[in-house]
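The values are calculated or read from the model by the stated rules, or taken from the named source; none is laboratory data. Because the structure is predicted, anything quoted here is derived from the model rather than measured. Positions of Cβ are backbone-derived with ideal geometry, glycine not excepted, and every protein chain shown enters the neighbour counts.
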Amino acid sequence: MRIGLNAGHTLTGAGSGAVGVLTESIETRRIVQAVTPMFEAAGCEVVDCTVDRAASQSAYLEEAVRMANREDLDWFISIHLNNDAAKKGEGVEAYTYQGRQYPDAVEVCEMIAALGFKNRGVKEGTGLYVIRKTKAKALLIEVCFVNEPDASTYQRQFDEICRAIVYALAGYVGAQPTPTPPAGMPEKKRYVRVKCDRLSIRNSPSWADQAICGTVGKNEVFTVVEGPITVGNGRMYKLKSGVYITAADKYVEVYEK
Ligand SMILES: [Zn+2]
């Protein structure tokens with residue numbers, strides 16, 4: 001996987017970012033610097049698309065896009081911090097072409113939000129130059145706002161925010177080794193799919209015939225809440241409805257989502 005990383009805005013002068021409690025241009029570089037070795041450790045190739053100086057805002061944008069488009073990238077990611085005139089905005093949001101809800105973009109927002117930010121979601125970013133003009137799948141992340149209450153949370157959770165970005169983007173395309181997930185990551189749900197017809201479900205974790213309370217059919221899917229639990233010589237899963245089902249590979253398969 002090949003990722004173009006753009007630390008949003010020039011460092012100073014034309015095209016530089018928002019200034020509040022946090023200075024956007026400095027923080028976007030801090031994030032890119034931190035996530036680059038993490039992406040590389042997960043087997044991703046990182047192409048730096050950061051522009052430190054430009055004659056104007058538009059010259060900055062054109063240069064960033066030029067750097068991205070001369071590479072064959074799987075993802076182009078531009079990192080930003082948000083700002084609003086009232087200095088009251090809070091939360092994480094991301095922008096994609098036509099607001100496409102790429103699962104990895106949605107996960108970035110969910111995972112950063114789980115670290116103590118409001119989730120503003122994935123939005124329509126076609127109007128943004130770096131989204132519209134880059135050939136690769138493009139994502140612009142507004143990690144949080146430059147003022148309070150986000151600024152303090154950002155400082156405290158900086159390492160976890162970086163982990164969230166790498167885990168959501170690299171971890172879900174099977175990067176090896178899998179990046180470390182951020183602390184407080186929303187838990188993934190486990191599901192069990194039935195592989196055969198007339199499979200027994202049980203009202204208690206027991207293989208006794210009296211425990212059987214019904215049957216389920218091939219390709220039915222249930223949410224797992226516990227297990228596998230050892231029961232006698234076998235193992236079972238407890239399902240969301242409170243019933244138990246065998247955990248034997250021959251009869252069921254489990255997956256996360
Ligand atoms: Zn910005």
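General observations
The rows are residues; the columns are (1) β-branched (Val, Ile, Thr); (2) more than 14 Å from the ligand (Cβ to nearest atom); (3) in contact with a Ser or Thr (Cβ under 7 Å, 6 or more places away or on another chain).
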site	(1), (2), (3)
Asp74	no, yes, no
Thr96	yes, yes, no
Ala105	no, yes, yes
Ile112	yes, yes, no
Phe117	no, yes, yes
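- Sole residue being surrounded by 12 or more Cβ atoms within 10 Å (Cβ to Cβ), in contact with a Pro (Cβ under 8 Å, 6 or more places away or on another chain) and among the hydroxyl-bearing types (Ser, Thr, Tyr), chosen from Tyr255, Tyr244, Tyr251: Tyr244
- Taken over region 105-121, residues that are β-branched (Val, Ile, Thr) and surrounded by 22 or more Cβ atoms within 10 Å (Cβ to Cβ) amount to 2.
- Being at pLDDT below 95, assigned by TED's automatic domain parsing to the domain that holds Met38 and under 22 Å from Thr12 (Cα atoms) is a property that holds for Asp84.
- Top-ranked residue of region 3-18 - restricted to ones that are hydrophobic (A, V, I, L, M, F, W, C) and within 15 Å of the ligand (Cβ to nearest atom), ranked as farthest from Gln157 (Cα to Cα): Ala14
- Inter-residue pairs, beta-carbon under 9 Å, first among the aromatic types (Phe, Trp, Tyr) and in region 77-96, second more than 13 Å from the ligand (Cβ to nearest atom), 6+ apart: Tyr95/Ala105; Tyr95/Val122; Tyr95/Lys123; Tyr95/Glu124; Tyr95/Thr126; Tyr95/Gly127; Tyr95/Ala138; Tyr95/Leu139
- Selection status of Leu61, within 16 Å of the ligand (Cβ to nearest atom) and crowded, with 18+ Cβ neighbours inside 10 Å: yes
- Residue count for region 84-97, restricted to those that are aliphatic (A, V, I, L, M) and in a loop (DSSP other than H, G, I, E, B): 2.
- Test result for Tyr129, in contact with a helix residue (DSSP H, G or I) (Cβ under 8 Å, 6 or more places away or on another chain) and within 15 Å of the ligand (Cβ to nearest atom): yes
- When Ile141 is tested against (1) over 21 Å from Pro103 (Cα atoms); (2) surrounded by 17 or more Cβ atoms within 10 Å (Cβ to Cβ), only condition (1) is not met.
- Only one of the numbered conditions (1) in contact (Cβ under 8 Å) with a residue 40 or more places away in the chain; (2) surrounded by 18 or more Cβ atoms within 10 Å (Cβ to Cβ) is violated by Phe222, and that is (1).
- Positions within region 19-52 being within 14 Å of the ligand (Cβ to nearest atom) and free of Cβ contacts under 8 Å to residues at least 24 places away in the same chain, in sequence order: Ser25, Ile26, Arg29
- Scope region 181-203; condition surrounded by fewer than 14 Cβ atoms within 10 Å (Cβ to Cβ) and polar (S, T, N, Q); matching residues: Asn203
- Which listed residue, of Arg132, Arg120, Arg100, Arg66, is within 24 Å of Ala183 (Cβ to Cβ) and either at pLDDT 95 or above or within 23 Å of the chain's Cα centre (by Cα) (or both): Arg120
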